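> The structure is given below, and queries will be raised subsequently.
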Amino acid sequence: MKKILSIIALMLVLALALSACSAPAEEAPNVTQLMNSYTSLDLSPYLGKTVFINFFTEWCYYCMQEMPDIKTLYDTYDEDELAIVLVHVWDGENADNTASVKEKYGMEDMTFFEDEDMLVASLVGLQGYPASLFLNPDGTLEAAANYMLTLEQMTGQLDAMGVARKAAEE
């Protein structure tokens, strides 16, 4: 019973964070600990890095509009400082849709998580697609959005969090 109440409280906190646009939470939940405790999405390898998590489905027009910009983030920011995790919510879809997105947008080297049972989406109180979470290097929530972000919004948030860009190639 105590575990169920904890999950419900977490869902409410994350749902409120998603609806609060990109304003930092007063007492930010440690998303890494919560995901590791209640889902199979293991974020612990990314502790020490800023983490950008994006929830998407292939049928979502705005999700697909974000993909080239997310690929640009991957190509722009230092991989030692930023981890990008794309959570494919199986809302009427399957792994074939992930393969299609990877191929279409050149994202074969990026990290995807298959949310087959939609547990991760439920845990964060996902209210629609796309949705994004920005986590601090300690795993706490810095910002959230439950709408399409532009490249400028994404880079603005990451720059504000102090994430280094890759060194310019000579």
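The values are calculated or read from the model by the stated rules, or taken from the named source; none is laboratory data. Remember, predicted model here, so these are calculated numbers, not experimental data. All Cβ positions, glycine included, derive from the backbone under ideal geometry; neighbour counts span all protein chains shown. Accessible surface is based on the protein model in full, side chains and every heavy atom, while ligands, DNA and RNA are left aside. Shrake-Rupley method; radii C 1.70, N 1.55, O 1.52, S 1.80 Å.
> For Glu114, which of the numbered conditions (1) without any contact (Cβ under 8 Å) to a residue 60 or more places away in the chain; (2) open to solvent by 40 Å² or more (accessible area, probe 1.4 Å); (3) not in a strand (DSSP E or B) fails to hold?
Single failed check for Glu114: (3).
> Out of Asp109, Asp138, report the one residue that is open to solvent by 20 Å² or more (accessible area, probe 1.4 Å), closer than 19 Å to Gly162 by Cβ and either not in a loop (DSSP other than H, G, I, E, B) or not hydroxyl-bearing (Ser, Thr, Tyr) (or both).
Asp138
> Could you please find all residues in the range 78-106 being among the aliphatic types (A, V, I, L, M), under 19 Å from Pro45 (Cβ atoms) and open to solvent by 40 Å² or more (accessible area, probe 1.4 Å)?
none
> Among (1) farther than 26 Å from Ala164 by Cβ; (2) modelled with pLDDT of 90 or more; (3) open to solvent by less than 50 Å² (accessible area, probe 1.4 Å), there is one condition Ala15 misses while meeting the rest; what is its number?
Every listed condition holds for Ala15 apart from (2).
> Going by what's in this entry, would Glu58 be described as in a loop (DSSP other than H, G, I, E, B), over 18 Å from Leu151 (Cβ atoms), at pLDDT 95 or above and among the acidic types (Asp, Glu)?
When the stated conditions are applied, Glu58 passes them.
> I'd like the full set of residues that are among the acidic types (Asp, Glu) and under 20 Å from Glu93 (Cα atoms), limited to the range 116-156.
Glu116, Asp117, listed by residue number.
Table: residues versus (1) more than 25 Å from Lys166 (Cβ to Cβ); (2) modelled with pLDDT of 95 or more.
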position	(1), (2)
Ala28	yes, no
Asp42	yes, no
Tyr62	yes, yes
Asp69	no, yes
Glu81	no, yes
Asn94	yes, no
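> Could you go through the range 142-150 and let me know if any residue there is part of a helix (DSSP H, G or I), out of contact with any His (no Cβ under 6 Å at 6 or more places or on another chain) and open to solvent by 60 Å² or more (accessible area, probe 1.4 Å).
Within the range 142-150 (the criterion being part of a helix (DSSP H, G or I), out of contact with any His (no Cβ under 6 Å at 6 or more places or on another chain) and open to solvent by 60 Å² or more (accessible area, probe 1.4 Å)), the answer is no, since none of the residues qualifies.
> In addition: Tally the residues that are over 18 Å from Tyr46 (Cα atoms), without any contact (Cβ under 8 Å) to a residue 60 or more places away in the chain and open to solvent by 50 Å² or more (accessible area, probe 1.4 Å), restricting the search to the range 59-74.
Count: 3.
> Mind listing whichever residues of the range 119-135 are among the hydrophobic types (A, V, I, L, M, F, W, C) and open to solvent by less than 60 Å² (accessible area, probe 1.4 Å)?
Once the filter is applied, which keeps residues that are among the hydrophobic types (A, V, I, L, M, F, W, C) and open to solvent by less than 60 Å² (accessible area, probe 1.4 Å), the range 119-135 yields Val120, Ala121, Leu123, Val124, Leu126, Ala131, Leu133, Phe134, Leu135.
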